[in-house]
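The values are calculated or read from the model by the stated rules, or taken from the named source; none is laboratory data. Bear in mind the structure is a predicted one, so any value in this text is a computation, not a measurement. When we count neighbours, we look across all protein chains shown, and the Cβ atoms used for this are built from the backbone with ideal geometry, even at glycine.
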Amino acid sequence: NAGVTQTPKFQVLKTGQSMTLQCAQDMNHEYMSWYRQDPGMGLRLIHYSVGAGITDQGEVPNGYNVSRSTTEDFPLRLLSAAPSQTSVYFCASIAWGGPGLEAFFGQGTRLTVV
Amino acid sequence: SQQGEEDPQALSIQEGENATMNCSYKTSINNLQWYRQNSGRGLVHLILIRSNEREKHSGRLRVTLDTSKKSSSLLITASRAADTASYFCAKQRPGGGNKLTFGTGTQLKVEL
């Protein structure tokens with residue numbers, strides 16, 4: 001059971017470069033989301049998707065794009081990297097159960113922008 | 001923002017002791033969840049408590065919810081070194097769809 005797989009695990013970018021963080025899940029969940037985690041800030045929602053072809057902005061969307069062409073994949077694109085985007089990025093896939101939803105997280109991508 | 005606050009920010013205890021961490025929030029919720037994050041890893045779901053529940057147990061975990069005070073607590077009994085991790089509460093609120101709002105976390109260190 002792979003669950004949620006994120007690649008790469010580590011990345012260093014130069015200011016202005018672009019890149020795509022990959023996220024794939026094999027649990028057939030409709031809902032996926034991207035968070036960033038910064039010291040003392042907890043996790044903040046960047047973008048989310050409620051199904052293939054449907055995405056929406058979260059709390060901190062600026063500087064990021066997403067697309068959802070399939071149920072399995074939810075890539076996060078940094079358009080022009082800035083030092084403020086240095087962070088740990090987590091992708092989550094959401095399951096709905098009787099009492100409510102439960103999030104399954106990937107292992108994270110640690111991004112440094114220099 | 002719905003972001004809740006957790007306290008303490010850091011907690012250090014001896015193995016075998018109980019650890020209690022608290023989470024407060026500002027607006028109404030459908031349910032509240034607790035997650036654990038080991039160093040360098042993703043978050044793992046521990047337990048969920050619905051807004052109409054007051055207490056829930058799972059193994060050595062006990063969660064309480066006081067909606068009048070807008071607060072929840074997570075108790076880990078008979079702690080072990082392997083419990084060393086960060087613990088986060090996450091809220092799902094009415095009308096928020098599938099969004100979860102996370103708190104800032106409590107760093108727990110259990111020493112031998």
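Of everything listed in (1) hydrophobic (A, V, I, L, M, F, W, C); (2) touching a helix residue (DSSP H, G or I) at 6+ places or on another chain (Cβ under 8 Å); (3) in a loop (DSSP other than H, G, I, E, B), the single unmet condition for B:Ala78 is (2).
If we scan region B:67-75, do we find a residue that is within 21 Å of B:Ala10 (Cα to Cα), within 11 Å of another protein chain (Cβ to nearest Cβ), hydrophobic (A, V, I, L, M, F, W, C) and in contact with a Lys or Arg (Cβ under 8 Å, 6 or more places away or on another chain)? Within region B:67-75 (the criterion being within 21 Å of B:Ala10 (Cα to Cα), within 11 Å of another protein chain (Cβ to nearest Cβ), hydrophobic (A, V, I, L, M, F, W, C) and in contact with a Lys or Arg (Cβ under 8 Å, 6 or more places away or on another chain)), the answer is no, since none of the residues qualifies.
Per the listing A:Val12, A:Val50, A:Val114, A:Val66, the residue uniquely β-branched (Val, Ile, Thr), modelled with pLDDT of 95 or more and within 27 Å of B:Gln33 (Cβ to Cβ) is A:Val66.
Name the single residue that is nearest to the other protein chains (Cβ to nearest Cβ) among those in region A:44-75 being part of a strand (DSSP E or B) and closer than 24 Å to A:Gly16 by Cβ. Once the filter is applied, the top-ranked residue is A:Arg44. So is B:Leu61 modelled with pLDDT under 95, more than 14 Å from chain A (Cβ to nearest Cβ) and over 23 Å from A:Tyr48 (Cα atoms) or not? So B:Leu61 does not fit the description; no. Scanning region B:98-112 for residues that are surrounded by 14 or more Cβ atoms within 10 Å (Cβ to Cβ) and either within 10 Å of another protein chain (Cβ to nearest Cβ) or not in a strand (DSSP E or B) (or both) returns B:Asn98, B:Lys99, B:Leu100, B:Thr101, B:Phe102, B:Gly103, B:Thr104, B:Gly105. Which residue is farthest from the chain's Cα centre (by Cα), if the candidates are limited to region A:20-43 and must be more than 8 Å from chain B (Cβ to nearest Cβ), assigned to a strand (DSSP E or B) and farther than 20 Å from A:Thr70 by Cβ? Here the residue is A:Asp38. Criterion first (in contact with a Gly (Cβ under 9 Å, 6 or more places away or on another chain) and away from every other protein chain (no Cβ under 14 Å)) does B:Ala90 satisfy it? No.
The rows are residues; the columns are (1) out of contact with any strand residue (DSSP E or B) (no Cβ under 9 Å at 6 or more places or on another chain); (2) hydrophobic (A, V, I, L, M, F, W, C); (3) more than 23 Å from B:Ile47 (Cβ to Cβ); (4) in contact (Cβ under 8 Å) with a residue 60 or more places away in the chain.
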| site | (1), (2), (3), (4) |
| --- | --- |
| A:Gln37 | no, no, no, yes |
| A:Leu43 | no, yes, no, no |
| A:Tyr64 | no, no, yes, no |
| A:Arg77 | no, no, yes, no |
| A:Leu101 | no, yes, no, yes |
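Please determine, by comparing only the residues of region A:76-100 that are assigned to a loop (DSSP other than H, G, I, E, B) and surrounded by 17 or more Cβ atoms within 10 Å (Cβ to Cβ), which one is modelled with the highest pLDDT.
Step one: of region A:76-100, the residues assigned to a loop (DSSP other than H, G, I, E, B) are A:79-82, A:86, A:97-100.
Right, trim to surrounded by 17 or more Cβ atoms within 10 Å (Cβ to Cβ) and you get A:81, A:100.
Values: A:Ala81: 97, A:Gly100: 73.
So, considering only residues that are assigned to a loop (DSSP other than H, G, I, E, B) and surrounded by 17 or more Cβ atoms within 10 Å (Cβ to Cβ), the one modelled with the highest pLDDT is A:Ala81.
Would a scan of region B:37-44 turn up a residue that is at the interface with chain A (Cβ under 10 Å from one of its Cβ atoms) and touching a residue at least 24 places away in the same chain (Cβ under 8 Å)? Looking through region B:37-44, at least one residue is at the interface with chain A (Cβ under 10 Å from one of its Cβ atoms) and touching a residue at least 24 places away in the same chain (Cβ under 8 Å). If you go through region B:52-75 and keep only what is small (Gly, Ala, Ser), closer than 13 Å to B:Ser24 by Cβ and part of a loop (DSSP other than H, G, I, E, B), you end up with just B:Ser68.
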